[in-house]
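Below is one structure, written out as structure tokens, with a few remarks after it.
The values are calculated or read from the model by the stated rules, or taken from the named source; none is laboratory data. Model, not experiment: these values are computed from the prediction. With ideal geometry, Cβ positions are generated from the backbone for all residues, glycine too; neighbour counts draw on all protein chains shown. The accessibility values were calculated without ligands, DNA or RNA, using every heavy atom of the protein model including side chains. Shrake-Rupley method; radii C 1.70, N 1.55, O 1.52, S 1.80 Å.
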Amino acid sequence: MRALGNPRNSWQVSKDHVNLQRLPPPERIVAFDAEPQRVTMDLAQSAIVVIDMQNDFCAAGGWLDHVGADISGARRPVERLNRLLPELRNADVPVIWLNWGNRPDRLNLSPSVLHVYNRSGEDIGLGGRLPSKSAAVLEKNSWGAAIVPELDARETDIYVDKYRMSGFWDTPLDSILRNLNVRTLFFAGVNVDQCVMATLEDAVCLGYDAVLLEDCSATSSPAFCEEATIYNVKQCYGFVARSTAVLAGMK
């Protein structure tokens, strides 16, 4: 018999027999402090989604830096993620990088999406070119769409392009998560009040459990935007924890 699928969801097949039983992976139960309540969960049914930690959002010379935004906050998650991600990988937790990766022709982006980033029609919006880099903003395979090099991203991780604030619209994210038998999602990245929050909201509406990692998320928006996001996650959608608490619960 040979396995057909992935380690979390596979059949055993031969020429004359198919075994449809999915053997559940060994439980990896962890408990950690969170708000509004302490959380117990199974890492064997979890994944972490890291959103938009890309040069155009987080690097000097990137798009936000070019338009005068303060990117110092957007870099805050780097060190903490670099401590957390190796431990999650060691526990066989999938690491999913969810990033803007637009088509060069932008044909799947409606005017309403384009207008958010190009209000006058003359600004450097999605697909526009930065004079300093000659790179198309957040275009797939461009410098701006690349994950910041300081982050511990590996070839064995999972990479998903997105085209909206929420990573569930027009992407295979939901199919990938269901095929991995994921029930609980850790969320990290930027901007916590925009793409992170939009993806988290949709995840909960689709039936996933959500844990926002407060110290692995950030925003270039005013502080009250982050405060409101954390409040709303705790009030309406899931849980807020720190990566240090998760790591402590894994020991």
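Within the stretch 215-238, how many residues turn out to be open to solvent by less than 40 Å² (accessible area, probe 1.4 Å) and either touching a strand residue (DSSP E or B) at 6+ places or on another chain (Cβ under 6 Å) or assigned to a helix (DSSP H, G or I) (or both)? Count: 8. In summary, strands (runs of 3 or more DSSP E) completely within the stretch 32-126 and bearing 1 or more residues that are of a type in the set (Ser, Thr, Tyr) and touching a Phe, Trp or Tyr at 6+ places or on another chain (Cβ under 8 Å) occur at 46-51. Applying the condition of being more than 19 Å from ILE48 (Cα to Cα) and open to solvent by less than 30 Å² (accessible area, probe 1.4 Å) to the stretch 138-148 and asking which residue is farthest from the chain's Cα centre (by Cα) yields SER142.
When LEU151, LEU185, LEU212 are checked against the criterion of being open to solvent by less than 30 Å² (accessible area, probe 1.4 Å) and part of a loop (DSSP other than H, G, I, E, B), LEU151 stands alone in meeting it.
Can you find even one residue in the stretch 196-209 that is assigned to a loop (DSSP other than H, G, I, E, B) and crowded, with 21+ Cβ neighbours inside 10 Å?
Applying the first criterion (assigned to a loop (DSSP other than H, G, I, E, B)) to the stretch 196-209 yields 206-208.
Then keep just the ones that are crowded, with 21+ Cβ neighbours inside 10 Å; that gives 208.
Looking for residues that are assigned to a loop (DSSP other than H, G, I, E, B) and crowded, with 21+ Cβ neighbours inside 10 Å, one finds at least one in the stretch 196-209, hence yes.
Considering only residues in the stretch 157-182 that are open to solvent by 80 Å² or more (accessible area, probe 1.4 Å) and touching a residue at least 40 places away in the same chain (Cβ under 8 Å), the one that is farthest from PRO111 (Cα to Cα) turns out to be TYR159. Looking across the stretch 36-57 at every residue that is under 12 Å from ALA241 (Cα atoms) and open to solvent by less than 90 Å² (accessible area, probe 1.4 Å), the one that is nearest to the chain's Cα centre (by Cα) is identified as VAL39.
Apart from one condition, ALA135 fits all of (1) within 21 Å of the chain's Cα centre (by Cα); (2) surrounded by 15 or more Cβ atoms within 10 Å (Cβ to Cβ); (3) not basic (Lys, Arg); the exception is (1).
Just to verify a result, which residue in the stretch 7-34, among those that are basic (Lys, Arg) and surrounded by 13 or more Cβ atoms within 10 Å (Cβ to Cβ), is modelled with the lowest pLDDT? So the residue we want is ARG22.
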